[in-house]
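The structure under discussion is supplied below as structure tokens; questions concerning it will follow.
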2 protein chains.
Amino acid sequence: MGEVAERARVNLEYFNLDQVAEAATKPLIFGAVRGALIAHAERRTQVPEPMHLTFPDADGDCHVKAGYCLDSPHFAVKIATGFYANSRLGLETNDGLMLLMSATTGSPLAVLADNGWLTAWRTAAAGALITDVLTSPQISEVGVLGAGLQAQLQVEWLHELRPLARVMVWGRHEDAAARLVSRFRRNGLNAVATGISEAAGAECVITATAAHTPLIHCGAFTAANHVTAIGADMPGKSELPPELFARAATIATDDHSQCLKHGDFGNAVRAGWVRETADTPIGTLLRDEATDRRGFSIADLTGVGALDAQVASAVFAALAADLDAPPTTR
Amino acid sequence: MGEVAERARVNLEYFNLDQVAEAATKPLIFGAVRGALIAHAERRTQVPEPMHLTFPDADGDCHVKAGYCLDSPHFAVKIATGFYANSRLGLETNDGLMLLMSATTGSPLAVLADNGWLTAWRTAAAGALITDVLTSPQISEVGVLGAGLQAQLQVEWLHELRPLARVMVWGRHEDAAARLVSRFRRNGLNAVATGISEAAGAECVITATAAHTPLIHCGAFTAANHVTAIGADMPGKSELPPELFARAATIATDDHSQCLKHGDFGNAVRAGWVRETADTPIGTLLRDEATDRRGFSIADLTGVGALDAQVASAVFAALAADLDAPPTTR
């Protein structure tokens with residue numbers, strides 16, 4: 001079709017997972033996520049309602065998110081899939097990629113073929129940042145409910161911000177919990193597999209499961225100074241007992257309306273335990289570091305496209321700087 | 001970040017515009033679009049609400065569409081941008097790309113870096129297919145309101161289905177209309193630049209403009225047997241006088257709720273000239289070819305993600321077959 005020659009060409013860069021992983025250092029991700037959470041709290045972002053497709057025959061779903069932080073030179077579109085029959089085929093369950101676009105010309109700039117890792121890391125960074133700010137400084141004991149990738153990353157990224165003296169891991173599947181504990185120990189963390197009551201009884205508790213009903217009753221959180229809930233990221237999911245929110249002096253959300261719609265915060269509001277306006281944006285708490293850290297707090301995260309945009313933008317900047325550096329084979 | 005090595009890798013193919021354009025023959029696009037329109041009419045598709053971002057500083061916007069035809073091995077996510085300050089930078093206004101995903105594993109399969117051309121072609125194919133089916137067979141005269149790329153493509157693709165004896169072109173900018181007429185003539189079409197009344201007075205009329213108010217009054221459509229309206233693809237746009245719909249024996253829409261929301265059909269419904277249920281899916285009319293073609297008809301197109309999905313899938317199949325063929329340099 002001859003007419004295409006009339007058009008300007010996009011100079012679209014393609015980066016594979018190895019390249020993305022090398023550029024995506026923890027400091028870079030922490031910085032991008034922190035900036036995006038603050039921008040989102042200050043309403044300097046655009047985050048359209050995500051798109052969602054389902055594939056019942058393959059037990060799969062696909063979420064498409066987009067985000068833009070005003071004043072950024074870039075915006076991003078992210079495709080994330082979860083196909084739960086994949087394990088039977090020897091394939092990973094989760095996959096996806098990010099597309100970085102120019103916010104000044106609309107041109108596609110880069111495909112970050114990250115297999116979903118940037119999402120995992122930005123979620124870990126967002127959780128770790130708010131867990132660190134809302135947990136009393138002297139606390140170094142963490143209980144983790146969940147033994148999957150995100151449970152692992154939440155602990156490892158938090159350990160970067162605040163050295164953890166003790167990690168108690170509970171998982172629905174004991175072997176997964178044992179594997180996670182081994183991994184933590186190999187990396188020098190003092191980790192132990194426990195029952196759910198012991199893990200929930202820690203001073204700082206992180207939940208990162210795919211649960212659809214509260215993991216444990218409210219009374220189990222005997223010592224908790226802070227709880228971060230990561231798992232409930234779509235309608236129907238739930239990790240925390242809703243009445244726990246009534247005890248919280250501070251409720252932090254990454255996106256007010258999204259957490260109302262499909263986070264644990266929304267479940268608590270609908271159950272009548274807290275008012276719809278009881279939450280504070282995570283970005284505000286990160287910016288002000290103003291909390292006195294003495295009250296009990298809960299952070300509820302559902303995942304915001306603005307974080308993807310800033311992470312993709314920062315990774316691309318690092319990769320592009322790399323490309324501009326010494327002439328080398330690619 | 002060492003943990004990434006644990007994961008399976010996506011075998012993501014990347015195709016540039018030249019490759020896409022070579023694979024995207026008119027018969028292939030016509031076939032895919034026809035199939036998708038029929039599937040959509042039969043509710044065998046998933047088409048989430050599109051996402052939309054705006055970039056006021058750059059006079060830009062971005063639409064993200066997704067689509068899936070059930071039983072297809074693929075689904076697609078499409079990014080389309082329009083940045084209207086680009087022309088001042090010597091760049092094209094429209095850009096974008098398509099991402100083809102596996103509907104069985106969720107893996108990203110291919111980036112079709114088409115700079116938005118597949119959208120232009122699938123829109124041309126959809127318009128031409130329904131214009132051909134709804135216009136009386138003996139009619140070979142077409143009036144075109146608009147002188148942009150889509151006006152050009154609508155005529156050229158319709159000419160593939162039904163040889164056109166005469167094309168009358170009206171454009172808001174006379175020089176653009178003159179250029180389009182020259183192009184048509186070079187390609188052997190009997191084209192002439194006319195006033196808007198003459199073009200609207202043709203037996204078959206196609207509108208493909210970015211107008212926000214009706215282009216001309218209802219009485220101007222003196223001879224029209226059929227009108228296809230392409231331009232109104234978002235809220236606020238409008239090409240046809242709403243009362244024209246009251247004259248139509250058949251109203252065809254590519255997506256009922258989308259055309260209600262931001263097509264000319266919706267404008268006519270809100271103005272009280274037709275009932276909300278007065279339309280028939282384009283795919284039904286294509287499948288049945290059941291119209292008697294005697295009554296006056298209007299087709300309203302707003303663009304459906306299911307078409308993108310089937311077009312991307314068909315192009316990928318052609319490209320993959322090509323790759324599987326003789327071993328050659330790529």
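Can you name every residue in region B:64-75 that is surrounded by 20 or more Cβ atoms within 10 Å (Cβ to Cβ) and in contact (Cβ under 8 Å) with a residue 60 or more places away in the chain? Talk me through it step by step, then tell me what you get.
Filtering region B:64-75 for residues surrounded by 20 or more Cβ atoms within 10 Å (Cβ to Cβ) gives B:64-69, B:72, B:74-75.
If the condition is that a residue be surrounded by 20 or more Cβ atoms within 10 Å (Cβ to Cβ) and in contact (Cβ under 8 Å) with a residue 60 or more places away in the chain, then B:Lys65, B:Ala66, B:Gly67, B:Tyr68, B:Cys69, B:Ser72, B:His74, B:Phe75 are the ones that fit.
Out of B:Gly219, B:Gly283, report the one residue that is more than 30 Å from B:Met101 (Cα to Cα) and either touching a Leu at 6+ places or on another chain (Cβ under 8 Å) or without any contact (Cβ under 8 Å) to a residue 40 or more places away in the chain (or both). Outline the logic, then answer.
Numbers: B:Gly283 fails: more than 30 Å from B:Met101 (Cα to Cα).
None of the others qualify; the one that does is B:Gly219.
Still on this model: Are there any pairs, at least 6 apart or on different chains, whose C-beta atoms fall under 9 Å, with the first in region A:104-126 and within 7 Å of chain B (Cβ to nearest Cβ) and the second of a type in the set (S, T, N, Q) and crowded, with 24+ Cβ neighbours inside 10 Å, and if so, which?
So the pair list comes out as A:Thr105/B:Thr81; A:Gly106/B:Thr81; A:Ser107/B:Thr81; A:Ser107/B:Asn115; A:Pro108/B:Thr81; A:Pro108/B:Asn115.
Somewhere in region A:78-90, is a residue under 29 Å from B:Ala24 (Cβ atoms), within 10 Å of another protein chain (Cβ to nearest Cβ), more than 23 Å from the chain's Cα centre (by Cα) and crowded, with 20+ Cβ neighbours inside 10 Å?
No, region A:78-90 has no match at all.
How many of the residues making up region B:204-238 are out of contact with any His (no Cβ under 6 Å at 6 or more places or on another chain) and not in a loop (DSSP other than H, G, I, E, B)?
10
Can you name the residue in region B:252-283 that is in contact with a Pro (Cβ under 6 Å, 6 or more places away or on another chain) and assigned to a helix (DSSP H, G or I) and, of all such residues, is surrounded by the most Cβ atoms within 10 Å (Cβ to Cβ)?
Filtering region B:252-283 down to residues in contact with a Pro (Cβ under 6 Å, 6 or more places away or on another chain) leaves B:262, B:267-268, B:271, B:273.
Then keep just the ones that are assigned to a helix (DSSP H, G or I); that gives B:262, B:267-268.
On the way: B:His262: 18, B:Asn267: 25, B:Ala268: 29.
Here the residue is B:Ala268.
For region B:62-77, which positions are closer than 29 Å to A:Leu100 by Cβ, more than 8 Å from chain A (Cβ to nearest Cβ) and not basic (Lys, Arg)? Let's see the steps before the verdict.
To start, the set of residues in region B:62-77 that are closer than 29 Å to A:Leu100 by Cβ comprises B:62-69, B:72-77.
With more than 8 Å from chain A (Cβ to nearest Cβ) added as a condition, the list becomes B:63, B:65, B:67, B:69, B:72-74, B:76.
Scanning region B:62-77 gives B:His63, B:Gly67, B:Cys69, B:Ser72, B:Pro73, B:His74, B:Ala76.
If you don't mind, another one. Does B:Ala36 qualify as being within 16 Å of the chain's Cα centre (by Cα), farther than 12 Å from B:Thr81 by Cβ, touching a residue at least 12 places away in the same chain (Cβ under 8 Å) and within 7 Å of chain A (Cβ to nearest Cβ)?
On the way: within 16 Å of the chain's Cα centre (by Cα): yes; farther than 12 Å from B:Thr81 by Cβ: yes; touching a residue at least 12 places away in the same chain (Cβ under 8 Å): yes; within 7 Å of chain A (Cβ to nearest Cβ): no.
When the stated conditions are applied, B:Ala36 does not pass them.
Assuming A:Tyr14 fulfils every condition listed in (1) more than 9 Å from chain B (Cβ to nearest Cβ); (2) modelled with pLDDT under 95; (3) part of a strand (DSSP E or B) apart from one, which condition is it?
(1)
Could we say that A:Ala299 is assigned to a strand (DSSP E or B) and either in contact with a strand residue (DSSP E or B) (Cβ under 7 Å, 6 or more places away or on another chain) or closer than 11 Å to A:Phe245 by Cβ (or both) here? First the steps, then the outcome.
On the way: assigned to a strand (DSSP E or B): yes; either in contact with a strand residue (DSSP E or B) (Cβ under 7 Å, 6 or more places away or on another chain) or closer than 11 Å to A:Phe245 by Cβ (or both): yes.
Here the answer is yes, as A:Ala299 does meet what is asked.
Those residues that are in contact with an Asp or Glu (Cβ under 6 Å, 6 or more places away or on another chain) and under 18 Å from B:Leu129 (Cβ atoms), I need them from region B:232-255; list them, please.
B:Ile251, B:Thr253
Across region A:138-193, what is the total count of residues that are among the polar types (S, T, N, Q) and more than 20 Å from the chain's Cα centre (by Cα)?
Total meeting the criteria: 5.
Looking only at region B:147-203, filter to residues that are touching a residue at least 12 places away in the same chain (Cβ under 8 Å) and among the polar types (S, T, N, Q); which one of those is surrounded by the most Cβ atoms within 10 Å (Cβ to Cβ)? Reasoning before the result, please.
Quick first cut of region B:147-203, residues touching a residue at least 12 places away in the same chain (Cβ under 8 Å) only: B:147-174, B:176-181, B:183-184, B:187, B:189-203.
Add one more test, that the residue is among the polar types (S, T, N, Q), and what stays is B:150, B:152, B:154, B:187, B:190, B:194, B:197.
Values: B:Gln150: 23, B:Gln152: 22, B:Gln154: 26, B:Asn187: 12, B:Asn190: 13, B:Thr194: 19, B:Ser197: 15.
Out of the qualifying residues, it is B:Gln154.
Of all residues in region A:91-101 being at the interface with chain B (Cβ under 9 Å from one of its Cβ atoms) and part of a strand (DSSP E or B), which is nearest to A:Asn11 (Cα to Cα)?
Per the criteria, the residue is A:Met101.
Follow-up question, since we're still on this one. Please verify whether region A:248-270 includes one or more residues that are touching a helix residue (DSSP H, G or I) at 6+ places or on another chain (Cβ under 7 Å), in contact (Cβ under 8 Å) with a residue 60 or more places away in the chain, aliphatic (A, V, I, L, M) and under 29 Å from A:Gly195 (Cβ atoms).
yes
Among (1) within 30 Å of A:Glu13 (Cβ to Cβ); (2) buried (at least 21 other Cβ atoms within 10 Å of the Cβ); (3) modelled with pLDDT of 95 or more, which single condition is A:Gly303 missing?
Only one criterion is unmet by A:Gly303, namely (3).
For A:Ala41, all conditions in the list (1) more than 9 Å from every other protein chain (Cβ to nearest Cβ); (2) surrounded by fewer than 16 Cβ atoms within 10 Å (Cβ to Cβ); (3) farther than 19 Å from B:Ser107 by Cα hold save one; what is the number of the exception?
In the conditions (1) more than 9 Å from every other protein chain (Cβ to nearest Cβ); (2) surrounded by fewer than 16 Cβ atoms within 10 Å (Cβ to Cβ); (3) farther than 19 Å from B:Ser107 by Cα, A:Ala41 misses (2) alone.
Scan region A:154-166 residue by residue and report those that are of a type in the set (A, V, I, L, M, F, W, C) and out of contact with any Gly (no Cβ under 8 Å at 6 or more places or on another chain). Walk me through it before giving the result.
Within region A:154-166, the first condition is being of a type in the set (A, V, I, L, M, F, W, C), and the residues that meet it are A:155, A:157-158, A:161, A:164-165.
Scanning region A:154-166 gives A:Val155, A:Leu161, A:Leu164, A:Ala165.
Also, I was wondering about something else. Just one of the numbered conditions (1) within 10 Å of chain A (Cβ to nearest Cβ); (2) in contact (Cβ under 8 Å) with a residue 60 or more places away in the chain; (3) not in a strand (DSSP E or B) is not true of B:Gln19; which one?
(1)
So, B:Ser136, is that one more than 9 Å from chain A (Cβ to nearest Cβ), touching a His at 6+ places or on another chain (Cβ under 9 Å) and either over 30 Å from A:Asn11 (Cα atoms) or free of Cβ contacts under 8 Å to residues at least 12 places away in the same chain (or both) or not?
Yes.
The values are calculated or read from the model by the stated rules, or taken from the named source; none is laboratory data. The shown structure was predicted, so the numbers you read here are calculated from the model rather than taken from an experiment. Every residue, glycine as well, gets a Cβ built from its backbone with ideal geometry; the counts of neighbours run over all protein chains shown.
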